[in-house]
Amino acid sequence: MSMVIILFLFTFLCIFPLSNVHASSQTAYQDYLFQYDGYRSALNEFKVTKSEYQKYKTLTSETTALEKSKKMLETRDTLLRAYLLFLNEKLNEATSLSASNKSLYQTLIKNEVTFLEGHTALIPAIGTITDAEEVSGKLTSHNSVLQSSMRQIIVAIQSAELIKANTTYGEILTSIQNLILKARETMSPEKIATMDRWFLQIQNKRSLYQQKMDSVQTKNTSLKASRVDEIEAAFGEIQKEMGSAKQYLSEGASYLKELTTSMKYID
Amino acid sequence: MENTIPNQAEQPISQPIVSAPVAPPPDEQKSKKNKVAPYVLILFIIVGITLGGIAASVKSGIKTISEPVVTPTTTPYATPTSIVHTRESAMATDSAFLQTEAQIASLTAQINSIQIQDTTLTPPTIELSLGFSK
């Protein structure tokens with residue numbers, strides 16, 4: 001009986017880590033949402049006590065406001081760390097991303113997490129409202145770096161999906177090329193000429209996709225600005241270009257389908 | 001001998017009596033008048049059937065004309081040109097070809113599932129300033 005239990009436990013322990021691999025980003029996302037709720041709640045409490053302090057200026061209201069400020073600052077750092085960990089899990093799942101790129105973005109995450117940990121360590125030492133303002137200001141001055149890092153990582157994660165699709169696209173192009181070669185023996189010269197022309201158009205779509213992705217990569221690595229709204233505008237532009245890249249792949253896939261349908265029949 | 005023959009000679013040669021046509025009795029005459037020849041009857045039946053047929057076809061013709069004309073609805077197609085394929089090529093059953101077709105279907109699904117603006121990745125909105133100094 002004990003042998004059966006040991007075997008069962010062994011099997012469970014072997015299978016559990018495998019099933020957990022794909023769920024890790026989902027778990028991280030759930031944790032991030034949980035921390036987000038905690039932050040919202042702490043922010044609301046802080047706003048109420050701050051309002052009371054500004055109204056009455058009593059020692060009690062000041063103490064309560066200071067307490068709630070520290071709590072809010074702590075939950076804010078925790079939320080940002082949870083979000084960065086979620087991005088890290090997403091990066092881990094992006095198999096099509098090159099090792100060097102992945103390492104680059106993971107370093108960005110590591111740096112930001114280190115900053116936030118250092119920032120959180122300052123919070124217990126806050127003794128006055130002025131201290132709280134000062135500690136909070138440290139994150140404010142670092143915010144543009146944090147925001148640009150976050151957006152660079154988002155672009156990398158989203159690019160990974162496009163890169164994966166492009167790899168499949170390339171594999172299909174090779175297969176199609178071989179099939180056209182094979183078809184030369186049986187099909188009419190007119191049809192072969194049409195297929196060659198269509199194949200070129202399919203290749204062109206891939207080139208256009210590549211151009212867009214090169215531009216995305218260049219813009220993403222230089223995504224730095226002193227103001228957050230400028231970072232957001234540049235990020236919006238990058239997303240637009242990624243949308244165009246996706247459109248080129250989509251059109252190419254549609255052409256591929258048309259080409260195979262044409263190859264399937266003798267007109 | 002002379003006595004035997006004169007009797008015969010005296011007897012006038014009588015012509016055979018041809019009886020005058022006798023009028024049939026009145027009942028028989030009436031039934032003969034009502035009797036219609038069978039070919040007339042058949043003729044009547046044929047004419048009747050033909051007229052009936054013509055009438056029925058004319059009626060149905062009128063009916064079809066009076067029915068409202070249903071305009072055929074046109075279905076919009078994704079591709080502007082309709083390609084009429086006659087028969088499959090030898091390649092259609094080729095395993096490499098079938099595999100490529102499956103790969104294309106998979107690629108299309110893969111591309112469609114890509115979300116460029118994935119809301120789950122949106123960074124959290126935080127308030128930076130504490131606002132005590134205002």
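What the table below lists for this structure:
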read-out: Flag for A:S136 being small (G, A, S), assigned by TED's automatic domain parsing to the domain that holds A:L33 and at pLDDT below 95; value: no
read-out: Residues located in the stretch A:64-95, provided they are farther than 16 Å from A:L146 by Cβ and in contact (Cβ under 8 Å) with a residue 60 or more places away in the chain; value: A:A65, A:L66, A:S69, A:K70, A:E89, A:K90, A:L91, A:N92, A:E93, A:A94, A:T95
read-out: Residue identified as in a helix (DSSP H, G or I), surrounded by 14 or more Cβ atoms within 10 Å (Cβ to Cβ) and more than 13 Å from chain B (Cβ to nearest Cβ) among A:S215, A:S175; value: A:S215
read-out: Matching option when the condition is over 23 Å from A:K240 (Cβ atoms) and surrounded by fewer than 16 Cβ atoms within 10 Å (Cβ to Cβ), among A:T140, A:T168; value: A:T140
read-out: Conditions (1) charged (D, E, K, R); (2) more than 25 Å from A:I231 (Cα to Cα); (3) not assigned by TED's automatic domain parsing to the domain that holds A:E241: number failed by A:R151; value: (2)
read-out: Number of the condition not met by A:S98 [criteria: (1) within 12 Å of another protein chain (Cβ to nearest Cβ); (2) closer than 26 Å to B:I114 by Cα; (3) of a type in the set (G, A, S)]; value: (1)
read-out: Every pair of residues 6+ apart whose Cβ atoms lie under 7 Å, when the first sits in the stretch A:109-138 and is farther than 28 Å from A:R151 by Cα and within 12 Å of another protein chain (Cβ to nearest Cβ) while the second is of a type in the set (V, I, T) and assigned to a helix (DSSP H, G or I); value: A:I126/A:V135
read-out: Qualifying residue in the stretch A:105-124 (condition: within 30 Å of A:T63 (Cβ to Cβ), surrounded by 20 or more Cβ atoms within 10 Å (Cβ to Cβ), aliphatic (A, V, I, L, M) and at pLDDT 95 or above); value: yes
read-out: Which listed residue is within 14 Å of another protein chain (Cβ to nearest Cβ), at pLDDT 65 or above and surrounded by 10 or more Cβ atoms within 10 Å (Cβ to Cβ), from B:L43, B:L98, B:L51; value: B:L98
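Here's the yes/no breakdown for (1) modelled with pLDDT under 95; (2) surrounded by fewer than 17 Cβ atoms within 10 Å (Cβ to Cβ); (3) in a helix (DSSP H, G or I):
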| position | (1), (2), (3) |
| --- | --- |
| A:M3 | yes, yes, yes |
| A:F10 | yes, yes, yes |
| A:Q35 | no, no, yes |
| A:Y39 | no, no, yes |
| A:T60 | no, yes, yes |
| A:S69 | no, no, yes |
| A:L73 | no, no, yes |
| A:D77 | no, no, yes |
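The values are calculated or read from the model by the stated rules, or taken from the named source; none is laboratory data. The structure displayed is predicted, hence computed values, not measured ones. A quick note on method: Cβ atoms are made from the backbone with ideal geometry, for glycine too, and the neighbour counts reach across all protein chains shown.
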